[in-house]
Amino acid sequence: MSNATAITPTRAKDFPEWYQQVVRAADMAENSEVRGCMVIKPWGYGLWENIQRQLDAKFKATGHVNAYFPLLIPLSYLEKEAQHAEGFATECAVVTHHRLEAQKQPDGTTKMIPTGELAEPFVIRPTSETIIGAAFARWVESYRDLPLLINQWCNVMRWEMRPRLFLRTAEFLWQEGHTAHETAEEAIEETRTMHKVYEDFLRDHLAIPVIPGEKTERERFPGAVQTFTVEAMVQDKKAIQAGTSHYLGQNFAKAANIQFLGRDNSRQLAHTTSWGVSTRLIGTLIMAHGDDDGVIIPPRVAPNQIVILPVTPKPETRQEVIDACEALAQTLRTQTFGGEPLRVHVDKRDLQGGAKNWEWIKKGVPMRLEMGPRDITSRSVAVCRRDQGPKAKEFVPKEEFIQSVQERLGEIQDALLARATALRDANMKKLETLEEFKAYFAENSEGGFALMNWAGSSEDEDTLSKELKVTIRCIPHGDQFAEEGKCFLTGKPSSRRAVFARSY
């Protein structure tokens with residue numbers, strides 16, 4: 001049984017089921033009684049809180065402020081922006097009544113009957129461009145009122161028929177930035193700035209390398225002029241769209257009447273943007289870093305970066321060991337990592353050491369420390385790193401560990417990024433012909449990211465998507481993707497390679 005893993009099935013055997021089991025074993029979330037919705041449990045929510053706090057600091061550093069807008073959006077607001085509304089129409093949950101009346105049944109039970117039909121139905125927000133646009137129209141009178149740089153942290157609802165915890169749920173948590181600008185140039189610069197914030201955050205905080213690029217017309221956000229995306233590869237070689245930033249042109253300003261008096265005293269329409277990431281980042285993180293023993297959480301965002309496990313073989317030394325563990329925790333909490341105080345937890349529960357140890361392995365805590373009576377005498381700690389095997393252990397003098405803890409956490413963070421980057425780079429391939437492309441994405445092939453010269457149409461993309469379940473993830477930025485050639489499908493001249501992949 002030495003090769004037994006904490007999670008069954010393994011990633012290699014059944015990746016989708018492995019993912020579900022990892023979420024369960026790490027106690028991050030569970031399915032709710034409400035179909036398609038999830039309960040985010042404290043360990044999963046602690047991770048989201050860290051993502052939220054750290055991203056929020058980046059938003060504020062780029063001049064944005066937080067606000068909050070209604071959950072319910074009048075149907076007429078969506079009708080004003082037809083292209084946008086049509087893009088979300090099949091996912092909308094609609095509120096039609098404002099009252100319940102109790103109706104007694106012959107068997108003594110009570111049924112609650114919706115009454116009081118609304119004059120106009122409300123849609124539970126799938127995204128907030130329309131209702132925020134209405135507020136912007138009230139707030140903007142002159143060019144002096146611009147730019148408006150607003151973000152909101154909230155929940156949204158998109159009716160989901162095939163839910164999967166964190167990756168696709170009917171209700172999920174996210175942030176949505178919405179801005180209004182005087183000129184197209186300013187709005188496009190904003191769109192690119194926030195796109196870069198997402199790219200940097202995924203790399204530096206979540207240890208996930210991404211390919212930044214632009215979506216094709218077919219894959220654009222409904223109603224947008226341009227959509228920029230960051231695409232991540234997870235361990236089954238599929239892509240996940242990890243964050244998007246949209247230049248909306250004047251489309252939403254026209255629909256919501258966001259007008260201002262320009263510098264030349266003429267009435268002008270604002271240029272708007274929107275951008276967002278969601279709790280899908282947690283699913284991306286699990287799939288990017290997890291192993292067959294559970295999730296692995298990068299130290300920057302881990303709810304607890306260090307868990308201290310008191311080893312108490314005898315009742316008479318138990319209190320002494322716990323006191324020593326608490327004292328070490330207090331000392332460590334005076335230090336910082338990534339600009340924040342270290343998050344250290346002492347697990348004092350009356351459980352067997354092996355059970356506690358495996359629980360924290362499955363939860364993915366970056367570092368576990370064990371301390372018992374002998375370690376107190378020798379002034380040392382046993383250090384276990386989650387990026388190494390479950391049995392790997394290093395005995396380190398306590399003072400030396402205290403001095404080196406930031407460096408050790410940094411090593412884990414860097415190791416996870418290096419591992420994810422190596423996986424992506426090993427599974428990204430330049431191909432030239434349709435035959436090579438079909439072979440790469442054949443049913444028995446692992447696939448990955450295919451880099452193809454492209455000059456096809458939206459209809460051509462549709463054909464490939466239907467036939468092979470493969471889509472263009474983005475037209476990537478960067479000189480390494482600029483390459484003159486011929487489109488593998490149409491034979492037309494092409495100056496850049498596009499990233500094709502199967503995706504979540």
* Which of the aspartates and glutamates could a cross-linker bridge to Lys362, judged by Cα under 14 Å and excluding same-chain residues fewer than eight apart? -> Asp27, Asp291, Asp292, Asp293, Asp387
* Asked: Tell me which aspartates and glutamates have Cα within less than 13 Å of Lys58's Cα, excluding those fewer than 8 residues away on the same chain?
  -> Glu199, Asp200, Asp204
* **Test item: Cα-centred dipole of the chain, Lys/Arg +1 and Asp/Glu -1 on Cβ, debye** => 820
* For the range 183-325, what is the charge dipole size about the Cα centre, in debye to the nearest 20, if Lys and Arg each add +1 at the Cβ and Asp and Glu each add -1 at the Cβ? -> 500
* **Heavy-atom surface of the range 448-504, accessible at 1.4 Å and reported per residue (Å²)** => 45
* To do: Considering Cα pairs under 8 angstrom that are at least six residues apart, work out the relative contact order of the range 346-504 and quote it in whole percent.
  => 15
* To do: Select from Ala26, Ile282, Pro493 the residue farthest towards the positive end of the dipole of the chain; place +1 on Cβ of Lys and Arg, -1 on Cβ of Asp and Glu, and compute about the Cα centre.
  => Ala26
* Given R₀ = 30 Å, FRET efficiency for Gln105-Glu33 by Cβ-Cβ distance, to 0.05? -> 0.85
* **FRET efficiency, 1/(1 + (r/R0)^6) with R0 22 Å, evaluated for Leu72 and Thr183 via beta carbons** => 0.10
* To do: For the range 1-70 and the range 304-377, write down the distance between their C-alpha centroids in whole Å.
  => 24
* Structure fact -> So for the range 164-222, using the alpha carbon gyration tensor with a ≥ b ≥ c as root eigenvalues (a/c under 1.5 gives rounded; past that, a/b versus b/c decides prolate or oblate), I'd call it prolate
* **the chain: relative contact order in percent, alpha carbon pairs under 8 Å with at least 6 residues between** => 14
* Asked: So, by mean Cβ neighbours within 10 angstrom, what's the order for 165-175, 394-404, 223-233 with the highest one leading?
  -> 223-233, 165-175, 394-404
* Simple label model, 7 Å out from Cα along Cβ direction - Trp358 to Asn444, nm -> 3.7
* For the range 499-504, in order, what is each residue's ³J(HN,Hα) by Karplus, 6.51 cos²θ - 1.76 cosθ + 1.60 with θ = phi - 60°, in whole Hz (x at glycine and Pro)? -> 9, 9, 6, 7, 8, 8
* Hey, any idea what % of the chain's accessible area is carbon plus sulfur with a 1.4 Å probe? -> 50
* Go through [x] 23.0, 77; [y] 25.9, 83; [z] 20.6, 62 and flag the label whose value is the computed Rg and Dmax of the Cα atoms in Å for this structure. => [y]
* Extension gain, Lys58 back to Asp264 (0.36 nm per residue minus Cα-Cα distance, nm) -> 70.7 nm
* Enumerate the lysines that Lys466 could reach by cross-link, defined here as Cα to Cα under 25 Å, with residues fewer than 8 away along the same chain left out. => Lys215, Lys237, Lys238, Lys429, Lys430, Lys438, Lys486, Lys492
* Asked: Counting only protein chains, not ligands or nucleic acids, how are His98, His345 ordered by accessible area (probe 1.4 Å), most first?
  -> His98, His345
* **Among His84, Pro114, Asn66 - extreme Cα towards positive end, dipole of the range 48-133, charges at beta-carbon** => Asn66
* **Amide proton proximity set for Lys215, modelled H, under 5 Å, gap of 5+** => Thr227, Phe228, Thr229, Ile475
* **Long-range amide H partners of Leu489 with built H, under 5 Å** => Ala455
* Using the charge dipole of the chain (Lys, Arg: +1 at Cβ; Asp, Glu: -1 at Cβ; taken about the Cα centre), state which of Ala184, Trp139, Ile376 has its Cα farthest towards the positive end. => Ile376
* Please work out the C-alpha center-to-center distance from the range 462-504 to the range 167-196 and express it in whole Å. => 25
* Given H placed 1.01 Å from N in the peptide plane, which residues other than close sequence neighbours of Ala224 have an amide H under 5 Å from its amide H? -> none
* Take every Cα pair under 8 Å in the range 328-418 that's 6+ residues apart, average their separations, divide by the length, and report that relative contact order as a whole percent. => 21
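The values are calculated or read from the model by the stated rules, or taken from the named source; none is laboratory data. The structure presented is a predicted model; accordingly, all values stated were derived computationally and were not measured. As a convention, Cβ positions derive from the backbone with ideal geometry for all residues, glycine included, and neighbour counts pool all protein chains shown. Side chains included, ligands, DNA and RNA excluded: accessible areas come from the protein's heavy atoms. Shrake-Rupley method; radii C 1.70, N 1.55, O 1.52, S 1.80 Å.
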